[in-house]
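J.: The following block contains the structure, expressed as structure tokens.
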Amino acid sequence: MLKILLATGNRKKVDEMKVILSDSNLEVFSMNDGIKIPDVEEDGDSFEENSKKKALEIAKATGMVTIADDSGLCVEALDGEPGVYSARYSGENATDLENNKKLIQRLKGIENRKAKFITVITLGTPDGKSFSFKGEIEGVIIDEARGNKGFGYDPHFYLPDYEKTFAEIPEIKNKISHRARALEALKKDINNLLKKLI
């Protein structure tokens, strides 16, 4: 069993990723297990750049094979905003509430509410190898927050096929989300990756 470090301090994200990876041949660790993870400045222009940088820097610092992700919401009518700035859309250390409030204000009077969540997951090794996987899911942004079981933009990200927001259907989200799709792609290729890592 390969020991993998999840490079995030977001407990909800750790829980979500552990559920998705629970049936893989991986022993999953995180900061919750007392592992110190250095801060990495996410200054890339794309999700892939940020994800790769984070995975490689943390793998090198900890000596562990590391999975890092960079995710964000891209709104069509806002030319892809908030994109790579999703977590800090309304400023550094912004809360989910502040980011959502800014998003809804920016969309005031705009009919086109199409949006998609994107995740790029990168598996990085201490010796500098990296493998990236992308996942996306499309939805629409609604003004009224619905549900209290998600995080980030989940209460405003509505899935017409389910007639629910991500924050209302956490069990389904873990199967169909952008992060789930990227992790599933990684899981499918994990045996090939292990051969390259060993």
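The values are calculated or read from the model by the stated rules, or taken from the named source; none is laboratory data. From a predicted model like this one, the values you see are computed outputs, not experimental measurements. Using ideal geometry, Cβ is built from the backbone for each residue, glycine included, and neighbour counts are taken over all protein chains shown. Ligands, DNA and RNA are stripped out before the accessible areas are found, and what is left, the full protein with its side chains, is counted by its heavy atoms. Shrake-Rupley method; radii C 1.70, N 1.55, O 1.52, S 1.80 Å.
J.: Any chance segment 185-195 includes a residue that's part of a helix (DSSP H, G or I), at pLDDT below 90, among the charged types (D, E, K, R) and crowded, with 17+ Cβ neighbours inside 10 Å?
T.: Yes, that holds for at least one residue.
J.: If you take the residues in segment 38-51 that are more than 14 Å from the chain's Cα centre (by Cα) and open to solvent by less than 30 Å² (accessible area, probe 1.4 Å), which one is nearest to residue 74 (Cα to Cα)? It would help to see each step written out before you state the result.
T.: Taking segment 38-51 as the starting set, the residues that turn out to be more than 14 Å from the chain's Cα centre (by Cα) are 38-41, 43-45.
Now narrow it down to the ones that are open to solvent by less than 30 Å² (accessible area, probe 1.4 Å): 40, 44.
On the way: 40: 23, 44: 16 Å.
By that ranking, first place goes to 44.
J.: Just wondering, is there one or more residues in segment 122-136 that are more than 25 Å from residue 17 (Cβ to Cβ), buried (at least 16 other Cβ atoms within 10 Å of the Cβ) and modelled with pLDDT of 95 or more?
T.: Of the residues in segment 122-136, the ones more than 25 Å from residue 17 (Cβ to Cβ) are none.
Within segment 122-136, not a single residue is more than 25 Å from residue 17 (Cβ to Cβ), buried (at least 16 other Cβ atoms within 10 Å of the Cβ) and modelled with pLDDT of 95 or more.
J.: Residue 145 passes all but one of (1) surrounded by fewer than 17 Cβ atoms within 10 Å (Cβ to Cβ); (2) among the small types (Gly, Ala, Ser); (3) at pLDDT 95 or above; (4) in a loop (DSSP other than H, G, I, E, B); which number fails?
T.: The failed condition is (1).
J.: Another question, if that's okay. Do we find that residue 4 is open to solvent by less than 10 Å² (accessible area, probe 1.4 Å) and modelled with pLDDT of 90 or more in this structure?
T.: On the way: open to solvent by less than 10 Å² (accessible area, probe 1.4 Å): yes; modelled with pLDDT of 90 or more: no.
For residue 4, the condition - open to solvent by less than 10 Å² (accessible area, probe 1.4 Å) and modelled with pLDDT of 90 or more - is not met.
J.: So, in segment 12-24, how many residues would count as being farther than 15 Å from residue 54 by Cβ and either open to solvent by less than 50 Å² (accessible area, probe 1.4 Å) or out of contact with any helix residue (DSSP H, G or I) (no Cβ under 7 Å at 6 or more places or on another chain) (or both)?
T.: Just the residues of segment 12-24 that are farther than 15 Å from residue 54 by Cβ, to begin with: 12, 15-16, 18-24.
When the remaining residues are screened for being either open to solvent by less than 50 Å² (accessible area, probe 1.4 Å) or out of contact with any helix residue (DSSP H, G or I) (no Cβ under 7 Å at 6 or more places or on another chain) (or both), the result is 12, 15-16, 18, 20-24.
The number of residues fulfilling the criteria is 9.
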